[in-house]
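Okay, structure first, notes after.
The values are calculated or read from the model by the stated rules, or taken from the named source; none is laboratory data. What you see is a predicted model; the values in this text were computed from it and never measured. Glycine also receives a Cβ, built like all others from the backbone with ideal geometry; neighbour counts cover every protein chain displayed.
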Protein chains: 2
Amino acid sequence: MKEGPDIARIGTLIGDPARANMLTALIGGQALTATELAQAAGVTLQTASSHLSKLEDGGLIAQRKQGRHRYFTLADAAVGTLIESMMGFAASRGHLRHKPGPKDPALRKARVCYDHLAGDYGVRMLDSFVAREVIESDGENLKVTEGGQGELSALGIDIGKLAANRRPLCKSCLDWSERRSHLAGTLGKALLQNFMEKGWARRSLESRAVLFTPEGERKFLSLFPV
Amino acid sequence: MKEGPDIARIGTLIGDPARANMLTALIGGQALTATELAQAAGVTLQTASSHLSKLEDGGLIAQRKQGRHRYFTLADAAVGTLIESMMGFAASRGHLRHKPGPKDPALRKARVCYDHLAGDYGVRMLDSFVAREVIESDGENLKVTEGGQGELSALGIDIGKLAANRRPLCKSCLDWSERRSHLAGTLGKALLQNFMEKGWARRSLESRAVLFTPEGERKFLSLFPV
DNA sequence: TTCATACTTCGATCGTAACCGAAGCATTCC
DNA sequence: GGAATGCTTCGGTTACGATCGAAGTATGAA
């Protein structure tokens with residue numbers, strides 16, 4: 001009867017809260033097991049299994065067997081782009097899931113986006129890298145410049161080791177609170193880890209907020225000027 | 001519990017076939033009444049009314065009362081962009097709604113996209129306009145050039161009259177079969193109308209296909225070379 | 001071999017939302 | 001005024017899918 005692409009089908013796939021949680025858990029780019037995804041979605045393993053097979057049938061995710069684990073990832077970059085654009089759109093309509101509260105400002109300031117830094121500070125860091133030509137952004141993709149490698153290793157980041165990983169080194173990730181991009185990928189992960197190892201910041205126990213110490217905040221801000 | 005934008009909510013809104021049909025009917029940019037949308041969705045007026053209020057609550061559509069009619073439109077351009085990107089994505093996963101059949105090639109060749117020409121011929125026309133600098137495309141948006149106005153009026157298109165309309169003159173619309181843009185807006189509508197008035201083409205009665213006569217096809221192809 | 005872990009499949013329950021008939025407003029036409 | 005049109009609201013039915021317990025399969029460890 002009707003012609004054209006079936007947007008209702010992918011709408012339905014994304015429309016279930018459990019599946020939406022799984023997909024958002026996967027936009028970090030890391031492969032996750034069924035058990036981890038069940039936990040992220042807040043459902044039992046059986047239910048998660050059913051959701052995962054639906055997402056796979058729909059072409060949104062892919063799985064890779066490894067021993068007795070099954071690692072799930074987004075099928076390709078297009079899925080991540082779609083999810084991110086939907087997040088931006090949802091945010092623009094005021095469809096947020098969090099209840100406004102005292103911890104909200106902290107979340108907007110700095111929080112974990114799966115494994116890397118997001119929020120105001122995350123955006124600021126990427127902006128600063130681009131302004132100082134440590135990272136160059138040719139349209140969509142991000143790349144560490146030749147000169148940038150030295151600056152990063154001065155911070156204690158071993159680029160060569162990170163590049164060996166199959167997960168992309170740099171990735172831009174749309175920030176729903178700032179509506180701008182921040183740095184994801186293994187470099188984004190390594191940087192956040194670096195800050196925590198130096199004692200500049202630690203993860204909040206109750207939420208995804210990243211809490212900076214006074215000294216850590218001072219160093220971070222001077223390291224990444226606007 | 002969870003933070004971030006609620007993509008599940010807009011997923012659910014788009015995920016219902018009736019609502020998806022309504023939204024796709026609206027991407028042409030024209031305002032439609034509840035009755036027209038009910039017909040497009042294939043449901044009764046009561047059901048349509050319920051869907052429309054949900055879409056409005058979700059910020060996807062807007063309504064305007066006019067006499068005893070209510071005209072519905074997409075809330076803004078961002079909604080159109082989202083729907084189009086979802087259509088492109090759905091097509092890339094092979095989620096099409098039409099049953100493959102004899103009329104399928106005809107649809108890919110030329111069809112109506114609400115009120116303008118889409119498919120291979122639609123893409124070809126826009127490409128040709130851009131190549132000959134009748135229309136210029138600065139990134140996302142389309143604009144008729146100074147020199148282009150003469151060429152269009154030679155075809156029998158009165159640009160001044162079209163520009164008076166509140167609906168945008170030029171609009172690019174992503175083609176799900178070609179995965180490239182074609183020309184929408186009042187100009188796109190006027191051109192298709194023009195072809196049909198000249199007897200070059202007519203709409204198929206069973207589907208959205210546009211059927212060219214042998215002579216019309218010859219003229220069209222020579223008018224819009226690749 | 002036996003046990004443990006990781007996950008899928010089956011089966012049954014349950015809640016929600018899509019659906020339409022009927023009735024209720026609002027606006028316009030005669 | 002009354003009738004017709006356009007749409008919304010209400011109420012009740014129905015169907016689909018999300019959920020989880022229990023059982024089944026596969027891989028790895030002891």
Please verify whether segment B:70-86 includes one or more residues that are more than 29 Å from A:LEU23 (Cβ to Cβ), more than 14 Å from every other protein chain (Cβ to nearest Cβ), out of contact with any Leu (no Cβ under 6 Å at 6 or more places or on another chain) and without any contact (Cβ under 8 Å) to a residue 40 or more places away in the chain.
yes
Would you mind telling me which numbered condition in (1) modelled with pLDDT under 95; (2) within 17 Å of the chain's Cα centre (by Cα) B:ALA20 fails?
(1)
Within segment A:31-48, does at least one residue satisfy the condition of being of a type outside the set (Val, Ile, Thr), under 30 Å from B:PRO105 (Cβ atoms) and not assigned by TED's automatic domain parsing to the domain that holds A:ALA190?
no
Of the residues in segment B:1-49, those that are under 26 Å from A:THR24 (Cα atoms) and among the aliphatic types (A, V, I, L, M) come to B:MET1, B:ILE7, B:ALA8, B:ILE10, B:LEU13, B:ILE14, B:ALA20, B:LEU23
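Kindly establish whether B:ARG64 is within 15 Å of DNA strand D (Cβ to nearest atom), over 22 Å from B:LEU192 (Cβ atoms), assigned to a helix (DSSP H, G or I) and more than 7 Å from every other protein chain (Cβ to nearest Cβ).
Working: within 15 Å of DNA strand D (Cβ to nearest atom): yes; over 22 Å from B:LEU192 (Cβ atoms): yes; assigned to a helix (DSSP H, G or I): no; more than 7 Å from every other protein chain (Cβ to nearest Cβ): yes.
Taking the combined requirement at face value, the residue does not satisfy it.
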Taking segment B:199-226, which residues are among the charged types (D, E, K, R), farther than 25 Å from A:GLY4 by Cα and surrounded by 14 or more Cβ atoms within 10 Å (Cβ to Cβ)?
B:LYS219
Residue set A:GLU56, A:GLU36; condition under 24 Å from A:PRO168 (Cα atoms), more than 14 Å from chain B (Cβ to nearest Cβ) and assigned to a helix (DSSP H, G or I); output residue A:GLU36
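Does segment A:5-23 hold any residues that are facing chain B (nearest Cβ under 7 Å) and either free of Cβ contacts under 8 Å to residues at least 12 places away in the same chain or near DNA strand D (Cβ under 8 Å from one of its atoms) (or both), and which are they? Step through it out loud before you land on a result.
So the first thing to find is which residues in segment A:5-23 are facing chain B (nearest Cβ under 7 Å), and the list is A:5-12, A:14-17, A:20-21.
Hits for segment A:5-23 are A:PRO5, A:ASP6, A:ILE7, A:ALA8, A:GLY11, A:THR12, A:GLY15, A:ASP16, A:PRO17, A:ALA20.
Please find, among B:LYS161, B:LYS219, the residue that is assigned to a helix (DSSP H, G or I) and at pLDDT below 90.
Numbers: B:LYS219 fails: at pLDDT below 90.
Answer to the selection: B:LYS161.
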Here are the criteria: (1) part of a helix (DSSP H, G or I); (2) within 14 Å of chain A (Cβ to nearest Cβ); (3) touching a residue at least 24 places away in the same chain (Cβ under 8 Å). Tell me which single one B:VAL123 does not satisfy.
(2)
Based on this model, can you work out whether A:GLY58 counts as touching a residue at least 12 places away in the same chain (Cβ under 8 Å) and over 22 Å from A:LEU192 (Cβ atoms)?
yes
Scope segment A:39-53; condition outside any loop (DSSP other than H, G, I, E, B) and within 10 Å of DNA strand D (Cβ to nearest atom); matching residues
A:ALA41, A:LEU45, A:GLN46, A:THR47, A:ALA48, A:SER49, A:SER50, A:HIS51
Taking the stated definitions as given, is B:LEU26 within 11 Å of chain A (Cβ to nearest Cβ) and crowded, with 19+ Cβ neighbours inside 10 Å?
no
Looking at A:GLN46, A:GLN66 in this structure, which one is more than 23 Å from A:PRO168 (Cβ to Cβ) and surrounded by fewer than 16 Cβ atoms within 10 Å (Cβ to Cβ)?
A:GLN46
